[in-house]
Structure formats: C-alpha cells, structure tokens
Amino acid sequence: MGAALRRIQLGSALSAFGLGFTVPYLYVYVAQVRDLGAGTAGVVLAVFAMAALAVLPFTGRAIDRRGPLPVLIVAAGASAVGAAALGVSGSVWSAVLSAALLGAGTAVIQPALSTMLVWCSSTSTRTRAFAMQFFLQNLGLGIGGLLGGQLVDVTSPASFTVLFLIEAAMFVVLGVIASTVRMPRAPSITDAVPAGGSAPKAGLRVLLSHRAMLQLCVLGFVIFFACYGQFESGLAAYSTEAAGIKPSTLGLALAANTAVIVAAQFVVLRVVERRRRSRVIAGVGLIWAFAWIVAGYAGLGHGSQTIATAAMISTYALFGLGESMLSPTVAPLVADLAPESMVGQYNSAFALVKQLALAVGPAVGGPLAASLHGPYIVTFVLFSLGITVLALKLGRRLTPVQDNPSLAAQPSRVVAVSIPEGEAAPAAAAVR
C-alpha cells in the first residue's frame, strides 16, 4: 500500500497548504477588507468552529458505513465551495454561511484522512505514517501562510479572493487525488468489543464503555486546551500584555514553532518510536510545563526586552518540540484502540474532543492572560503537569503492543491484504 499512502499524504499536505493561505487572515478579511466589522468577524470565526462541532458527531458513523474515501471526497467538495464562496462574500449572511460550509467540510476531512491512513498501514508502520502526515501538514501550513502573506493587500479585496480561490483549488486537488487511491477492503469484524468483554457490540455505547479510550479523550482535551487552544488567544495576549513583545514578533514565534516541528520531527521519531507511548506523552507534559515557566519568566521576571522576546520565542519552540513527540503517539493510539468496525467513529470522537478544547481554550485563556498574568502561568503549568499524570495512568490500561507498537510481531488488525474466502477461517485460527 505504499502508493496509496503516498497519495493520501500528498493530498493532506496540499489541503494544509491551501488552509495556510487563508486561516491567518480570516479575521482581517471579514472585519477590515470586507468592512463587516469586528463583531461579524467574531461571529464568522465562531460559526467556523461550531460547524465542526455540529458535523463531527455524525462523521464517524458515515465513515464506518460508507468508507473514508467517499466521505473525504464529499467533504473536500464542500470545503472547496465554502472557500470559493467566502472569497466573494460581501454581506454578513453570505460570509457566515460560507464559513459554516468551510468549517464543516474541513472538520470532516481530518478523521476521514486519519481512517484512510489506518486502513493503509499496519501497527508497525502507523507511527511513521501519522508522523509524516503531521510533518507535511505543518510544512504545508507554513509555506501557505508565508506565500499568502506576500499576496495579501488589505486595500484590495481581489487579492483575498485570489487566496480563497487557491484554497478552493487545493481542496479540489485533494478530492481528485483521493479518488485515485485504491483502498483495501475493510476487514471482517472479529473483535469489535474492547478488552473486558462486557461492552455492547456496536455504536456509541462501545466507545463510552471503553475506559482506555475515555481516558485518552480526557488526556487529549487537556493537551489541546493547554497548547493549541492558547496559541492565538491566551499566549498571544500574555506575550503582548505581560511580556511586552511587539505583535509582529508573534509571527516570528509561530515561525519558530513550525521550524522546530519541521526540523525535529524525524529525529524525534527515531527516539520515540521504540518507546512506550504513554511515557513519551508524559514527557511532553514536562516539556510544556517548562515552556510555561519560561513564558512566566518573560512576563514576570522583569528582565530586558530582548530577553523577554527570546524567552517567548523559546516558549513557542518548546511547544513545537512537544508537538513533534505527540504526532507519532496520540493519533496512532486512537486507531489502535478502535474496534475494526469503529475506526471512523473513534477518530471522529477524538476530533470532536480536540474541537471542544480549541473552543474552550481561547474562551478561558484569553481573558485570564489579559488580566491575571501570574495565575494564567500557574494554571497552565499545572495543566501541563496534568498531562504527565494522565498519560502515566493511561499507560496502565494499555496492552504492551498498544503502548509500544514496536513489540508487535503480527500485522495490525486493520489489514491491507485481501484474503480469499476459503482461507479466511484457517488464517484467523492461525492468528489466535
């Protein structure tokens, strides 16, 4: 399945490249370029997020029933239409509706892509597949944002229309590339009940009865709340208000974050891929706790402006190091916990948890960072240490192979191999 994986990764990178053109400038586009006001821009951003929350509960079941490929193609088409419509929106209602369509489409794309990666990989190759996806998506976002910044002109709505049309074209390309992928036939269901044997046999009740998955969802919420949910809200507010760095420096800090991810991803992968996932995630919590302490020094240490700026850039870089450790651990773990018939639902459930954290994070972190600098830092140091504690507790619920896939001597349960019907029973007996 090497060719299929390469095409999936290419489509994923191109869609991230398209998003990079517009996401950093969405607020400015609505509020200033289209002159719809800050209130409307806030509503558009909220609708973009809420649309994702609305569709993700239904996405997983659609993926598991129809397969990830048709769901991805539909989502890519919807995203392309939403992006193109947003690029020519001149009224409040057209901007809101376009943002809703774009938000819903992009929310569905990620769990569909993740499920395709699961179907086309094994336990031993899945870690690298997800690490590669994270690397390429960050590279695409970074390059797209860099090129988009060279094209935008706040005095020219047409320049922003070009950006949104480029984004729409990338979603079309994603759909076309996906349509050429030959997916393996989904395997038969042989062990769709999580370990323990008492769980119901299908649907949401399976997920809710799977304690390891529930613990992973709680851990995921804390991870996204304490890091990604603060990047463009609380941490940005703290950087400018408490540390006193210039707003333009935030772009340099975000660039440092992306640069660390791109430079360190495969070096980190070699270090972590043969180690227990729970301990790697626990290590991320410690790194991020140190990052928040560095940020605290920048804003509360009363050092020079140069030192404060360097400290904040280092904070973003440390977050990037932690992110590069999470990419080959968390997403593959979701897939390895999922029963064969529910890979899409598990991926969608985790995406929903991520989206909730990204919605709650700015709402809590922004006001706290702007007014209570010390408590803000202490709060997120504690949340980061909470990641370490939750990860170690999760490790006690995982099987040895789930926690360390390098121990696997057999292929994954999601097998990219077609077995003739007459050989299915002997093969299953041999595995057992």
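The values are calculated or read from the model by the stated rules, or taken from the named source; none is laboratory data. Just so we're clear, the structure is a prediction, and the values are computed from it rather than from any experiment. Cβ coordinates were reconstructed from backbone atoms using ideal geometry, including for glycine residues, and neighbour counts include every protein chain displayed. Quick note on the areas: whole protein, heavy atoms, side chains included, nothing else; ligands and nucleic acids left out. Shrake-Rupley method; radii C 1.70, N 1.55, O 1.52, S 1.80 Å.
Observations on the model:
- Helix-only arithmetic for the chain: the sum of -39500 (n - 2.57) across DSSP H runs with n ≥ 4, divided by the residue total, places the mean residue ellipticity at 222 nm at -26000 deg cm²/dmol.
- With all protein chains in place and a 1.4 Å probe, the accessible surface of the chain carries 67 percent carbon and sulfur.
- Centroid-to-centroid separation of region 203-260 and region 304-331 [C-alpha atoms, Å]: 11
- Ordered from highest to lowest accessible area with the whole protein assembly present and a 1.4 Å probe, 61, 279 read as 279, 61.
- Length released on extending from residue 407 to residue 208, taking residue separation times 0.36 nm less the Cα-Cα span: 68.9 nm
- Applying 1/(1 + (r/R0)^6) with R0 = 56 Å to the Cβ-Cβ distance of residue 378 and residue 3 gives a FRET efficiency near 0.65.
- Rg to Rh, two decimals, where the chain supplies the alpha carbon set and Rh follows Kirkwood: 0.97
- Debye intensity ratio I(q)/I(0), log10, region 1-133, q values 0.15 Å⁻¹ (C-alpha model): -0.74
- Applying 1/(1 + (r/R0)^6) with R0 = 22 Å to the Cβ-Cβ distance of residue 259 and residue 290 gives a FRET efficiency near 0.70.
- Normalised per residue, the accessible area of the chain is 43 Å², obtained with a 1.4 Å probe and no contribution from ligands, DNA or RNA.
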